[in-house]
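The values are calculated or read from the model by the stated rules, or taken from the named source; none is laboratory data. Note that the structure is a prediction, hence the values are computed from the model and not measured. Heads up, the Cβs are rebuilt from the backbone with ideal geometry, glycines too, and the neighbour counts pull from every protein chain shown. Just the protein is used for accessible areas: all its heavy atoms, side chains included, with ligands, DNA and RNA removed. Shrake-Rupley method; radii C 1.70, N 1.55, O 1.52, S 1.80 Å.
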Amino acid sequence: GQSLEQPSEVTAVEGAIVQINCTYQTSGFYGLSWYQQHDGGAPTFLSYNALDGLEETGRFSSFLSRSDSYGYLLLQELQMKDSASYFCAPPGADSWGKLQFGAGTQVVVTP
Amino acid sequence: DTEVTQTPKHLVMGMTNKKSLKCEQHMGHRAMYWYKQKAKKPPELMFVYSYEKLSINESVPSRFSPECPNSSLLNLHLHALQPEDSALYLCASSQESPNSYEQYFGPGTRLTVT
């Protein structure tokens, strides 16, 4: 079996930095994806870590440590538009071609 | 064109109706997916098509019937649904299923079963 854990909600002010942690237990592991979903919108791909280390894409960065079964998404210089749900999602965790979403972290950005 | 389109945007149907959801992509992707998402929950995978063949069925009830007529189109046929099937149905595509880590999602069809 497999499990994914991430915090349910994080609140921060504009301009702050938020880190969303994701710990996983999977029978097979190929990497970790992150998706963003605004209320009423579709999930949007943010990043993917196949190897250990930090991947940076603009204000967002993602980190993976396979030895610790742990990853995080870092949101910097928070903006109001960053208020959304963020999902960690390892692909192929159970079977090739399958993307398993974590429960999601609701990020609330306040003025 | 990096867009996945879905029709209709909203659908209300009775438990005895038959309806279909449609999804289209023109990115040349060879893997397509159906997900179901309830409010405040993550998307749940229902079906995966790889090269127009059904490769994963996540034990979905037979009242949901997927179809992939060609590499750009994906349908979900609905029949005799239950009120608990009310949800947002999302279609997604990716280059091919081994690269499923980067999926492009459509805006979804919000389905209400009465």
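Just add up the charged neighbours of B:Val113: K/R +1, D/E -1, any other residue whose Cβ is under 15 Å from the Cβ of B:Val113.
The answer is +4.
What size of dipole, in debye to the nearest 20, comes out for chain B about its Cα centre when the only charges are +1 on Lys and Arg C-beta atoms and -1 on Asp and Glu C-beta atoms?
Here the size comes out at about 440 debye.
Local charge sum around A:Ser69 (other residues, Cβ-Cβ under 13 Å, Lys/Arg +1, Asp/Glu -1)?
Net charge in that neighbourhood comes out at -2.
Using the heavy atoms of the protein chains alone and a 1.4 angstrom probe, what is the accessible area of chain B per residue in square angstrom? Don't skip to the end; give the middle numbers.
Values: 5530 Å² over 114 residues.
Per residue, chain B has 49 Å² of solvent-accessible surface.
Only Cα pairs under 8 Å and at least 6 apart count here; give the relative contact order of chain A as a rounded whole percent. Intermediate results must be reported in sequence, preceding the final value.
Numbers: 282 pairs, mean separation 39.8, N = 111.
Relative contact order for chain A comes out at 36 percent.
List the equivalent ellipsoid semi-axes of chain A in whole Å, largest first, each obtained as the square root of 5λ for an eigenvalue λ of the Cα gyration tensor.
So the equivalent ellipsoid measures 24, 14, 12 Å along its semi-axes.
Mind telling me which of A:Ala42, A:Ala89, A:Ala12 comes out most flexible in a GNM of chain A, alpha-carbon contacts under 10 Å?
For chain A, modelled as a Gaussian network with Cα springs under 10 Å, the answer is A:Ala42.
Would you kindly calculate the translational diffusion coefficient of the protein assembly as shown, applying Stokes-Einstein with the Kirkwood radius from alpha carbon pairs, for 10 °C and a viscosity of 1.306 mPa s, and quote it in µm² s⁻¹ without decimals?
Here the translational diffusion coefficient equals 88 µm²/s.
What does the charge add up to near A:Ser47, with Lys and Arg as +1, Asp and Glu as -1, over the other residues with Cβ less than 11 Å from its Cβ?
Residues close to A:Ser47 contribute a combined charge of -3.
Applying 1/(1 + (r/R0)^6) with R0 = 22 Å to the Cβ-Cβ distance of B:Asn70 and B:Glu3, what FRET efficiency is obtained, to the nearest 0.05?
About 0.80, to the nearest 0.05.
Shape call for chain B from the C-alpha gyration tensor, a ≥ b ≥ c root eigenvalues: rounded (a/c under 1.5), prolate (a/b greater than b/c) or oblate? Mind dumping the intermediate values first?
Values: a/c = 1.71, a/b = 1.63, b/c = 1.04.
Verdict is prolate for chain B.
Sorted by mean Cβ packing within 10 Å, highest first, what order do the peptides B:11-23, B:36-48 take?
On the way: B:11-23: 15.6, B:36-48: 18.6.
Those peptides, ordered most packed to least, come out B:36-48, B:11-23.
Estimate for me the total accessible surface buried between chains A and B (protein heavy atoms, probe 1.4 Å, no ligands or nucleic acids), in Å² to the nearest 100.
Separately minus together, A and B give about 1600 Å² buried.
How big is the charge dipole of region B:43-96 about its Cα centre, in debye rounded to the nearest 20, if each Lys and Arg gets +1 on its Cβ and each Asp and Glu gets -1 on its Cβ?
With only Lys, Arg, Asp and Glu charged at Cβ, the dipole is about 100 debye.
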